[in-house]
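S.K.: Input: one structure, supplied below.
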Amino acid sequence: MMKNNKSVIIWLLSGCFLVFVMVVVGGITRLTNSGLSMTDWHLVTDTFPPLTEAKWQEAFERYKQFPEYQKINIHNDFTLSDYKFIYFWEWFHRFIGRIIGLVFIIPFFYFLIKKKIDKATINKCFVLLGMGALQGFFGWFMVKSGLVDNPDVSHFRLSLHLTFAFLTFAYTLWVALDLIYPDKKEAIVPLQKIARYALLFLLLQIIYGGFVAGLNAGLIHNHWPMMSDGQFIHDSVFIEQKTLLLNLTEGKSGVQLVHRTLAYFVVGLIVFLYFKSKKYNLSAQQKNGLNALLFIVFLQFTLGVLTLLYSVPLWLGLTHQIVAFFLLTAMTYTLHRLSK
């Protein structure tokens, strides 16, 4: 690690940690159906929750004008106390987003003024700045889809918001790793190629994880390795929507099938990468990355199966999402160590 870059590295890794926390809180927000509790977005005025009972009542009355209350919660004996609970998680999610913005922007300009970052890192940080702004937009774009007619957000928009958070995290980690390991070395090209394919399939799996969450597709076919009725591919995969493409992107059964199937590809590619690596003389960093990757992918696969079998209890669904983050971390680290 270059001593000159130590403060910059700590800053970037702090950003990684905050993005991780934000995704965890986002998972809780989703699993507690809290995401539509705040019906508008202001950069400054809703930084803190309502501070008086009158303001709470005003926010609650505003919430009552939207589909989630009118079509669902009006039938659930939904009280102001219930509203405060769901409001907290959405507010906390947005609050962490604001903290991330401050934690990124203020030190970034400090490092710029003090000339503590080189030109290449400055360019990467501008990319990160753009990704952060875009992520905020994607969050509101997602929420907006649940405030019109349908009392739930678009699963496409939810997956976009989730996946982009994962990408922002991975890129931030990559920039930090470039500074932690400044010395260039020759890439192990055959392993690098396999790792890239594994990362691609992992990202596809994350996208479909967002689809499953957005459609609540984990609440059906709660069996493994078969779906329902002893079928590996259940009949319902083909009949929910008008075309096969729509079934595999908008049908609950089809989306769950793809998510199940991609899991085998992700595990298979990482196992292949691990055993292929045995033919090469690897550094300790590379070995550690591959060992972590193999352990975490089997842990994540097991959690996925249990989450399905137990019909997505909050703690299991959240743990499954958290370990997906650890898996992406190990994947990013391993690919970086195999590439540079």
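The values are calculated or read from the model by the stated rules, or taken from the named source; none is laboratory data. Quick caveat, the model's predicted, so the values are computed rather than measured. Glycine gets a Cβ as well: all are built from the backbone with ideal geometry, and neighbour counts include every protein chain shown. Note: areas computed on protein heavy atoms with side chains; ligands, DNA, RNA excluded. Shrake-Rupley method; radii C 1.70, N 1.55, O 1.52, S 1.80 Å.
S.K.: Is it the case that some residue within region 107-120 is aromatic (F, W, Y), more than 16 Å from the chain's Cα centre (by Cα), within 23 Å of Q321 (Cα to Cα) and at pLDDT 90 or above?
M.R.: There is no residue in region 107-120 that is aromatic (F, W, Y), more than 16 Å from the chain's Cα centre (by Cα), within 23 Å of Q321 (Cα to Cα) and at pLDDT 90 or above.
S.K.: Could we say that I207 is farther than 19 Å from R337 by Cα, among the β-branched types (V, I, T) and at pLDDT 90 or above here?
M.R.: Spelling it out, I207 is indeed farther than 19 Å from R337 by Cα, among the β-branched types (V, I, T) and at pLDDT 90 or above.
S.K.: Would you call W56 surrounded by fewer than 15 Cβ atoms within 10 Å (Cβ to Cβ) and of a type in the set (F, W, Y)?
M.R.: no
S.K.: Kindly indicate the residue of region 28-68 that is among the hydroxyl-bearing types (S, T, Y) and out of contact with any Leu (no Cβ under 9 Å at 6 or more places or on another chain) and also modelled with the lowest pLDDT among those meeting that condition.
M.R.: T45
S.K.: Applying the selection to region 239-264, what residues are of a type in the set (A, V, I, L, M, F, W, C) and either closer than 26 Å to L167 by Cα or open to solvent by less than 50 Å² (accessible area, probe 1.4 Å) (or both)?
M.R.: Selection gives L245, L246, L248, V255, L257, V258, L262, A263.
S.K.: Quick check on my filter: what residues within region 189-226 are of a type outside the set (S, T, N, Q), open to solvent by 30 Å² or more (accessible area, probe 1.4 Å) and either on the phi > 0 side of the Ramachandran plot or not in a helix (DSSP H, G or I) (or both)?
M.R.: Scanning region 189-226 gives I220, H223, W224, P225, M226.
S.K.: Quick one: count up the residues across region 292-340 that are part of a helix (DSSP H, G or I), over 14 Å from L191 (Cα atoms) and of a type outside the set (F, W, Y).
M.R.: Residues in region 292-340 being part of a helix (DSSP H, G or I), over 14 Å from L191 (Cα atoms) and of a type outside the set (F, W, Y): 28 in total.
S.K.: For region 26-59, name all the residues that are more than 23 Å from the chain's Cα centre (by Cα) and in a helix (DSSP H, G or I).
M.R.: The answer is E53, A54, K55, W56, Q57, E58, A59.
S.K.: Kindly evaluate S236 against the criterion of being surrounded by 15 or more Cβ atoms within 10 Å (Cβ to Cβ), without any contact (Cβ under 8 Å) to a residue 24 or more places away in the chain, over 16 Å from F211 (Cα atoms) and more than 24 Å from the chain's Cα centre (by Cα).
M.R.: yes
S.K.: So how many residues does region 266-313 have that are in contact (Cβ under 8 Å) with a residue 40 or more places away in the chain, farther than 30 Å from L219 by Cα and open to solvent by 70 Å² or more (accessible area, probe 1.4 Å)?
M.R.: Number of matching residues: 2.
S.K.: Something else: Please pick out the residue among L162, L158 that is under 20 Å from Y208 (Cβ atoms) and open to solvent by less than 20 Å² (accessible area, probe 1.4 Å).
M.R.: Unique residue meeting the criteria: L158.
S.K.: Please verify whether region 163-180 includes one or more residues that are hydrophobic (A, V, I, L, M, F, W, C), within 30 Å of L338 (Cα to Cα), in contact with a His (Cβ under 7 Å, 6 or more places away or on another chain) and not in a loop (DSSP other than H, G, I, E, B).
M.R.: yes
S.K.: Same structure again: Under 7 Å between Cβ atoms, at least 6 apart or on separate chains: pull out the pairs that start in region 103-128 with a residue that is part of a helix (DSSP H, G or I) and end on any residue that is of a type in the set (G, A, S).
M.R.: Partner pairs satisfying both residue conditions: V103/S14; V103/G15; F104/G15; F104/G132.
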